[in-house]
Amino acid sequence: MEDVVKFIFGVSGNVIALFLFLSPVPTFWRIIRRRSTEDFSGVPYNMTLLNCLLSAWYGLPFVSPNNILVSTINGAGAAIEVVYVVVFLVFASSRRTRLRMLGLASAVAAVFAAVALVSLLALRGEGRKLLCGIAATVCSICMYGSPLSIMRLVVKTKSVEYMPFLLSLAVFLCGTSWFVYGLLGRDPFVAIPNGCGSFLGAVQLILYAIYRNSGGNKAGAGRGGKQHAAGGADDDVEMACGSDAKGSNSKVADGVDGAARKEDRLV
């Protein structure tokens, strides 16, 4: 019975996470239409790619038995992020931006290759699982913690303009699904980072409940968002960017587009 419940939570985590991975599509459709990345940052997509690669590797049977659902969604996520990175490279707004993206992509490939090769050639059994699990956990926690800057902006401006409800709900549901999956599988490398994600998602929902009816300082929020856009690589590594299939189709589209705009402002 426990295995069945674990499987159900794993499948639900796959579905929600896939929706999150696809949420930046409106942003990239805009980039393709305008044939320029404009002021968007490519850092989140490179870092999400690294997280997906490490997590997919960790879920493979010869590293971590009985975690294939971790590999399936992160393998799909890695493929999606590769497409995003390629689009960013093709339509980079300047030579400097393109070179920076190439450098980041090369660093991602190097880090993943190092972890994979060391785990394959130098480690066995629990040692292999420990190395890959720690690498994936650290990267996942960094990604889940990235919206902290936006949460700070919400408190400062008393406006939820840059923290859409659908985004926060999706982060909470995704983190909770994988947290329960990790608990049932007695796997701390799945439970710990996703427990952090579930907690931060809940905090975002609480902030939304507090400030949803507050007009806030929208002008200040706009300035804050622009500062984030210019802030560089230290902020967001966004896995948590999506919407929920709730209400009419137009509401879904608005939620996805809002989440994508939010992601772009995080960096």
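Some points to look at:
- Two-site label geometry, D39 and I192: point separation in nm, points 7 Å out along Cα→Cβ: 3.9
- Estimated FRET transfer efficiency when R0 is 51 angstrom, pair I68-I32 (beta carbons, to 0.05): 0.90
- For peptides 192-204, 121-133, sequence by mean Cβ density within 10 Å, most packed first: 192-204, 121-133
- Per-residue HN-Hα couplings for the stretch 20-34 [Karplus 6.51, -1.76, 1.60; θ = phi - 60°; Hz; x = Gly/Pro]: 5, 4, 7, 4, x, 3, x, 5, 6, 5, 5, 4, 5, 4, 8
- Taking each residue as 0.36 nm, the span from L99 to N213 lengthens on full extension beyond its C-alpha to C-alpha distance by 36.7 nm.
- Note on the stretch 1-212: with charges restricted to the Cβ of Lys and Arg (+1) and Asp and Glu (-1), its dipole about the Cα centre is near 720 debye.
- Accessible area of M163 in the full protein assembly, 1.4 Å probe (Å², nearest 10): 0
- Hz values of 3J(HN,Hα) by residue in the stretch 121-126 - Karplus curve (6.51, -1.76, 1.60), Gly and Pro given as x: 8, 10, 10, 9, x, 5
- Scalar couplings 3J(HN,Hα) for the stretch 45-51, obtained by applying the Karplus form with A = 6.51, B = -1.76, C = 1.60 to θ = phi - 60°, are 6, 5, 6, 5, 4, 4, 4 Hz; x denotes Gly and Pro.
- Estimated distance in nm for a label pair at A202 and A107, the labels positioned 7 Å out from Cα along Cα-to-Cβ: 3.4
- Percent carbon-and-sulfur accessible area, the stretch 1-212, ignoring ligands, DNA and RNA, probe 1.4 Å: 72
The values are calculated or read from the model by the stated rules, or taken from the named source; none is laboratory data. Remember, it's a predicted structure, so these values are computed and weren't measured experimentally. No Cβ is skipped: glycine too gets one built from the backbone with ideal geometry, and neighbour counts run over all protein chains shown. We work out accessible area using only protein heavy atoms, side chains counted, and drop any ligands, DNA or RNA first. Shrake-Rupley method; radii C 1.70, N 1.55, O 1.52, S 1.80 Å.
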